[in-house]
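What follows is a short report on a single structure.
The values are calculated or read from the model by the stated rules, or taken from the named source; none is laboratory data. As the structure is a prediction and not an experimental result, all values here were calculated from the model. Methodologically, a virtual Cβ is constructed for each residue, glycine included, from the backbone with ideal geometry; neighbour enumeration extends over all protein chains shown.
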């Protein structure tokens, strides 16, 4: 997508983290922006900020796990702006812990937001984008789905989150290939950040009451501590990654990663699969981290 100015961007999870920075970046490029988030107070602040900066913006409270909410978002976008060019399915939440200790509510919440949120975004927006392309020979569109490095590797004690993000990578790759198959003027990217300060370690703040967490297990407490430390110590900012993502959209690059040095783990996983060998220990080069995690999971 070569042109941003005057075009329309829809961003979920837009009130904080990557979503807020992507919204700022899109607005700076002259885009009309549709902000979607489940947290109303943060959404109101984002709307106020971008409006004060001169951007043409609307905001909608959206629970992306609900098909009706996302479909209503798409309808509101078309009603207000008459088009959509960039869709960023970005909303995300996180839960850690040993995979067998995750409650049904954990699975429903994380998959509902991280995976079904992307599915709903693709199903609601891509058909509208294809229809716009049929009526406008100059139409350009792009879909960005936020996954994670956890969608490319499978670290221990993060099973629910890993599953949700692997699904997003597979969905995004399929979307990219399907759009090429029908020769649509629409492309796709998958964003796979590593540890970046975004606030995802605080995502419990927006957990629905009907999917309330059980008392955390020792492994879940350990995961929360490890993730919080890793995320808050990240040297790259959400703004850095948002800029890289918008550059990738302009250059039609599919894989967007925050930490290229982490791709060695991805290569090792691929080599494990090709060689039909058991999964390599992700902490092979940092046994002290493995032992610290093992002790924490045991409550030692």
Practice prompt. Within the stretch 20-47, track down each residue that is touching a helix residue (DSSP H, G or I) at 6+ places or on another chain (Cβ under 7 Å) and without any contact (Cβ under 8 Å) to a residue 60 or more places away in the chain.
Written response: 23, 27, 32, 33, 34, 35, 36, 37, 46
Worksheet item: Within the stretch 200-209, can you find the residues that are in contact with a helix residue (DSSP H, G or I) (Cβ under 8 Å, 6 or more places away or on another chain) and assigned to a helix (DSSP H, G or I)?
Response: 200, 201
Discussion item. The conditions are (1) under 16 Å from the mean Cα position of the chain (by Cα); (2) over 25 Å from residue 27 (Cα atoms), and residue 122 fails exactly one of them. Which is it?
Written reply: (2)
Discussion item. If a residue counts only when it is touching a strand residue (DSSP E or B) at 6+ places or on another chain (Cβ under 7 Å) and under 29 Å from residue 204 (Cβ atoms), which helices (runs of 4 or more DSSP H) contained entirely in the stretch 1-118 have at least 1 such residues?
Written reply: 17-28, 40-52, 67-81
Worksheet entry | Residues of the stretch 226-247 classified as surrounded by 13 or more Cβ atoms within 10 Å (Cβ to Cβ) and not in a helix (DSSP H, G or I), total | 3
Worksheet, complete the sentence: The condition of being touching a helix residue (DSSP H, G or I) at 6+ places or on another chain (Cβ under 7 Å), in a helix (DSSP H, G or I) and over 19 Å from residue 153 (Cα atoms) holds, among 250, 222, 213, 292, only for 222
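Of everything in the stretch 1-14, what is touching a helix residue (DSSP H, G or I) at 6+ places or on another chain (Cβ under 8 Å) and modelled with pLDDT of 95 or more? Give them in sequence order.
Those that are touching a helix residue (DSSP H, G or I) at 6+ places or on another chain (Cβ under 8 Å) and modelled with pLDDT of 95 or more: 4, 8, 9, 10, 11, 12, 13, 14.
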Fill in: Selected residue [modelled with pLDDT under 90, touching a strand residue (DSSP E or B) at 6+ places or on another chain (Cβ under 7 Å) and either surrounded by fewer than 16 Cβ atoms within 10 Å (Cβ to Cβ) or within 27 Å of residue 15 (Cβ to Cβ) (or both)] from 223, 284
223
